[in-house]
Amino acid sequence: MTHLEVIVDDNLPNNPCCQHGPTVLFHRTDQSHATIEKYYACTASRDGKCSFKVAASKKSTCYQDASKPAEQLKLDYDEVRNASVSQKVYCIQCQQLFLESNAKDHNKHKLFDKLSNEILLQPTRFLAPLSMDGNEAQYFFSDSSLNCIENMLKQVKITKVICLGAPRLHEHLLVKTDIKSLLLDIDRRFHWFYDQSQYVSYNMFNHFFFGGEKAENIFNNYLMVNESTERICIFTDPPFGCRTELLAHTISRINQTYNSVNQLSQQILPTFWIFPYFMETYIQKQMPSMEMSDYQVNYTNHRTYHSGEKGLKHGSPVRIFTNVPLELFKLPVKEGYKWCSECQKSVHRTNLHCRVCKKCPSKNGATYRHCSKCNWCVKPNYVHCNACGRCTQVQGHQCSSYRKQLNCRICLTKGHMEKCCPFWRTFKHFKMAKSGCVVCGSKQHIVTNCDERKRVLKERYFLGQCENAINCVK
């Protein structure tokens, strides 16, 4: 088995370029951590559509220049966009908006000519998704999810949104709210419908502006806060298979630019990241301050990520991750959400509070149960494995490989079970309890919440990261 690491640093703009902007350095290693190869490859494509790949040793070679401004393209976006709606026709085959006078270029193509100003303000209602996977994967929010997201933004008084790859939310905000929005997206079809004050062609995985310096200046001006009542946020809905390291680095660079243009010092913008619940560890590894809301995000064009008859048993697995305190949001009661007074946040009605774990533990939409053997709330279909000391799914379970992926609940380090933790060797006067909290034996709390464990390990938290006497920095 090999491991592929993405090396992200501030030198990214100086890396070789492909058609999607600066590439990123990948480092592939074997099981013994020995280097197999280092190479530069596209930041946006994960399915081979962009074939760019060059060995790290050849970095100095000149490659394709992706910096040609959008206005140099042959297509005259402004002419078409500024024409009257009666002159416009959309070619479904070419995925292009054109003037009726140029209809001869689209003979025998399937056309959509029943356009109106209202329809053109909401292009995702008739645009075909570029792809269902890969670097340009597009799934569009359902109306119920749009309304919930809008309400969440209003609850924290957001007035301006940077939409990183969330075109349906962008058009919803422009058409149905007073909230300003700037769409940064790699799909250049949006040039037909928005000028550069509302849309900039952009690669979210390397912070690259296809429109060059002019487009970047438009973005920088948008980041400027001119009134004390203005509040700007980042909202992103990336492809679910993206490298979280790259997007987290982009979000960090946006925050740096925000502080620079507003002459501020290390302020962090409210951020909303749409991602499946099972990718929580990947997000929190890069951005520890991000917490997962219980809201289930639905899409109109995904095969199963919706609440319809063909949806998944426990609803959509897609959630909203944010650095905004969850107690500030009230989720819609009509969609099955309730307020948990113990957790002080909105949760799904199936998410029952556990008085031992001291939280509403469910992540996947099912009602979890508390296992007395491992003293932890688990999915209802999980079975306790005595060898591993954990509850896990039966199908495909292999103790040896499973244990390597475990995070110890005592020292919070990956790779061993609680009974193998260095804690017992370091603090020899402690003996592992057979039930309840493994450190103190109490059945009133779980081990991660144990005050005795925290005291002995001198545990400290800062910006979501934990440091203790064993793990140093986690």
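Tabulated data
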quantity: Residues (within 24 Å of Pro167 (Cα to Cα), among the polar types (S, T, N, Q) and either open to solvent by 60 Å² or more (accessible area, probe 1.4 Å) or assigned to a strand (DSSP E or B) (or both)) located in region 282-308; calculated: Thr300, Ser307
quantity: Condition met for Val261 (of a type outside the set (Asp, Glu), farther than 14 Å from Lys363 by Cβ and in contact with a Pro (Cβ under 7 Å, 6 or more places away or on another chain)); calculated: no
quantity: Condition check for Arg403: open to solvent by 70 Å² or more (accessible area, probe 1.4 Å), charged (D, E, K, R) and under 28 Å from Pro288 (Cβ atoms); calculated: yes
quantity: Test: residue in region 252-273 that is under 10 Å from the mean Cα position of the chain (by Cα), over 22 Å from Gln155 (Cβ atoms) and either at pLDDT 95 or above or surrounded by fewer than 16 Cβ atoms within 10 Å (Cβ to Cβ) (or both); calculated: no
quantity: Where Ala387 falls short, out of the listed (1) free of Cβ contacts under 8 Å to residues at least 40 places away in the same chain; (2) out of contact with any helix residue (DSSP H, G or I) (no Cβ under 6 Å at 6 or more places or on another chain); calculated: (2)
quantity: Those residues of region 127-145 which are surrounded by 14 or more Cβ atoms within 10 Å (Cβ to Cβ), modelled with pLDDT of 90 or more and assigned to a helix (DSSP H, G or I), in sequence order; calculated: Ser144, Ser145
quantity: Hits in region 185-201 - residues which are under 21 Å from Ala128 (Cβ atoms) and either assigned to a loop (DSSP other than H, G, I, E, B) or of a type outside the set (Lys, Arg) (or both); calculated: Asp185, Ile186, Asp187, Phe190, His191, Trp192, Phe193, Tyr194, Tyr199, Ser201
quantity: Some residue of region 408-431 being out of contact with any helix residue (DSSP H, G or I) (no Cβ under 7 Å at 6 or more places or on another chain), at pLDDT 90 or above, open to solvent by less than 30 Å² (accessible area, probe 1.4 Å) and assigned to a loop (DSSP other than H, G, I, E, B); calculated: yes
quantity: Verdict on Glu230 being of a type outside the set (Ser, Thr, Tyr), part of a loop (DSSP other than H, G, I, E, B) and open to solvent by less than 60 Å² (accessible area, probe 1.4 Å); calculated: yes
quantity: So Thr124, is it under 25 Å from Phe208 (Cα atoms), modelled with pLDDT of 90 or more, of a type in the set (Ser, Thr, Tyr) and open to solvent by less than 70 Å² (accessible area, probe 1.4 Å); calculated: yes
quantity: Close pairs from region 152-177: first more than 22 Å from Glu227 (Cα to Cα), partner part of a loop (DSSP other than H, G, I, E, B) and among the hydrophobic types (A, V, I, L, M, F, W, C), Cβ under 7 Å, at least 6 apart; calculated: Leu164/Met204; Gly165/Met204; Arg168/Phe140; Glu171/Leu121; Val175/Leu121
quantity: Among the residues listed as Ser197, Ser181, Ser201, the single one being open to solvent by less than 10 Å² (accessible area, probe 1.4 Å), of a type outside the set (A, V, I, L, M) and closer than 24 Å to Glu230 by Cβ; calculated: Ser181
quantity: Sole residue being at pLDDT 95 or above and under 20 Å from the mean Cα position of the chain (by Cα), chosen from Pro361, Pro317, Pro325, Pro332; calculated: Pro325
quantity: Positions within region 17-50 being without any contact (Cβ under 8 Å) to a residue 60 or more places away in the chain, under 22 Å from Phe209 (Cα atoms) and among the aliphatic types (A, V, I, L, M), in sequence order; calculated: Leu25, Ala41
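The values are calculated or read from the model by the stated rules, or taken from the named source; none is laboratory data. Nothing here was measured: the structure is a model prediction, and the numbers come from that model. No Cβ is skipped: glycine too gets one built from the backbone with ideal geometry, and neighbour counts run over all protein chains shown. For accessibility, only protein heavy atoms count, side chains too; no ligands or nucleic acids. Shrake-Rupley method; radii C 1.70, N 1.55, O 1.52, S 1.80 Å.
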